Amino acid sequence: MTRWGKIGAVLVYFGAVLAGWAASPNEDYVADLRARRAERLERLTRADGWLTLVGLHFLAVGKNSIGSGTDNAIVLPKGLAHLGVVTLAVDGTASIALNPGADARVDGREVLGAKLSGEGERPPAQVTCDTLSLLLIERGGRKALRVRDSAAPRRADFAGLEYFPIDPSWRIEARWVEYQRPREVMIANTLGQESPALIPGKAVFERDGRTFELLPLVEGVDEPLLFVISDQTSGKETYEAARFIYADPPENGKLTLDFNMAVNPPCAFTPFATCPLPPKENRLPIAVSAGEKKYAGHVD
C-alpha cells in the first residue's frame, strides 16, 4: 500500500470511529431517558394506574343500579350484589345513593349519598369499596362510570415494557409552523366517537431525505404538545392503534420530537380506556423503530 493509501485508510478508520461516536447515545441523555421510563413504569403500575381499569359503563338518564349482581344496570366485577344507585339528571349532574351496610366511602367519608363531581372538576368525587373505586367521567358528550380495581389481574400479572434500542438519530429537531388561525380537525377515538380539536400549528421534520408533518393535540395551557402517531411498525412491532409522543412547546420556531420517548396509549393495556387515534396527517409512511414496543401481556 502506498503512503497516501495508508493515510487514506487511517482517515477512513477515524471517520468510522467518529461516526460511531456521533451515533452513540450521550450518557446523560440515556440516563434521563431511563429515568423517564422508570417514572412511566411507576405511574402505570401504581394502585390507581391504567392497569387497574376493569370497567367503563355509560349512564342512562335516570336511575342506574350498580353492584356485582347480574340484575343491575351496571354490573361490577366483584363486591356487593347491590352497592347502590347512581342517578343521572337530564342536565348531566349525577349523584349516588349507597345501600346501608355497604361499607363504601365517597372521598374517604362514610356517607349514604353524595353528588358525583366529574374528572374535570377539582377534586372529582371518588367512590371506594374494598379494592374497587368508581369515578364519573365524560366521553363523547356522555357521562360514564370508570371502575378501577387495585387488585386487578392486569396489574398483578403485568408483563413489563419493551423498547427498541435507543437511537439518537430519532431525536429530531423539527420546525414549528404556526397557523394564522387554529385549524379544526376531527379526532376519532377507540370507541368510534369523533370530536373536534383545535390545532395551533404543525411540526415539520426530515428523515432519510424525506419531509414529514405532524399535527399536535393541545391538552392544556403550558402542557406538553401531544402527537398521536402510527407508522409502518404499527400492528407489528408496535401497538396497532397509535403511540404517543410528548414534546415541549416550541421556542424560536423549533421543537424536539424524540421518538425514543414514544409510548403506548392506555388502551394498549386495557380495553376500558378511551384513546385518540392519529389524524391522517400523523400516519407516517415509514417505520419508526424507536420507543415503546407492543405490550406482550394480557389486554382483553
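I need the full set of residues from the range 235-257 which are closer than 17 Å to Ala287 by Cβ and not in a loop (DSSP other than H, G, I, E, B), in order please.
Thr238, Arg243, Ile245, Leu257
Among all residue pairs at least 6 apart or on different chains, which show Cβ distances below 6 Å where the first residue, located in the range 191-205, is within 24 Å of Glu138 (Cα to Cα) and the second is surrounded by 12 or more Cβ atoms within 10 Å (Cβ to Cβ) and of a type in the set (S, T, N, Q)?
Partner pairs satisfying both residue conditions: Leu191/Thr274.
Considering every residue within the range 126-142, establish whether at least one is basic (Lys, Arg) and in contact (Cβ under 8 Å) with a residue 40 or more places away in the chain.
Of the residues in the range 126-142, the ones basic (Lys, Arg) are 139, 142.
Checking the rest, the ones that are also in contact (Cβ under 8 Å) with a residue 40 or more places away in the chain come to 139, 142.
Yes.
For the range 261-297, how many residues meet the condition of being in a loop (DSSP other than H, G, I, E, B), aliphatic (A, V, I, L, M) and either modelled with pLDDT under 95 or in contact with a helix residue (DSSP H, G or I) (Cβ under 8 Å, 6 or more places away or on another chain) (or both)?
To start, the set of residues in the range 261-297 that are in a loop (DSSP other than H, G, I, E, B) comprises 262, 264-265, 269-275, 277-279, 284-291, 293-297.
Next, only the ones that are aliphatic (A, V, I, L, M) stay: 262, 273, 277, 284, 286-288, 290, 296.
Then keep just the ones that are either modelled with pLDDT under 95 or in contact with a helix residue (DSSP H, G or I) (Cβ under 8 Å, 6 or more places away or on another chain) (or both); that gives 273, 288, 290, 296.
The total comes to 4.
Between Pro168, Pro100, which is in the same structural domain as Leu191 (by TED's automatic domain parsing) and not polar (S, T, N, Q)?
Result of the check over Pro168, Pro100: Pro168.
Here's the yes/no breakdown for (1) surrounded by 12 or more Cβ atoms within 10 Å (Cβ to Cβ); (2) within 26 Å of Glu39 (Cβ to Cβ); (3) at pLDDT 95 or above:
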site: Gly160; (1), (2), (3): no, yes, yes
site: Tyr163; (1), (2), (3): yes, yes, yes
site: Asp167; (1), (2), (3): yes, yes, yes
site: Arg171; (1), (2), (3): yes, yes, yes
site: Arg175; (1), (2), (3): yes, no, yes
site: Thr190; (1), (2), (3): yes, yes, no
site: Gly201; (1), (2), (3): yes, no, yes
site: Gly209; (1), (2), (3): no, no, no
site: Glu213; (1), (2), (3): yes, no, yes
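For Ala60, indicate whether it is in a loop (DSSP other than H, G, I, E, B), surrounded by 12 or more Cβ atoms within 10 Å (Cβ to Cβ), more than 26 Å from the chain's Cα centre (by Cα) and at pLDDT 95 or above. Explain how you work it out, then say what you get.
Working: in a loop (DSSP other than H, G, I, E, B): yes; surrounded by 12 or more Cβ atoms within 10 Å (Cβ to Cβ): yes; more than 26 Å from the chain's Cα centre (by Cα): yes; at pLDDT 95 or above: yes.
Spelling it out, Ala60 is indeed in a loop (DSSP other than H, G, I, E, B), surrounded by 12 or more Cβ atoms within 10 Å (Cβ to Cβ), more than 26 Å from the chain's Cα centre (by Cα) and at pLDDT 95 or above.
Here are some conditions: (1) part of a loop (DSSP other than H, G, I, E, B); (2) under 19 Å from the mean Cα position of the chain (by Cα); (3) in contact (Cβ under 8 Å) with a residue 40 or more places away in the chain. Gln232 meets all but one. Which one does it not meet?
All conditions pass for Gln232, except number (2).
The values are calculated or read from the model by the stated rules, or taken from the named source; none is laboratory data. Small disclaimer: the values here were computed from a predicted structure and weren't measured. Virtual Cβ from ideal backbone geometry, glycine too; neighbours counted across all protein chains shown.
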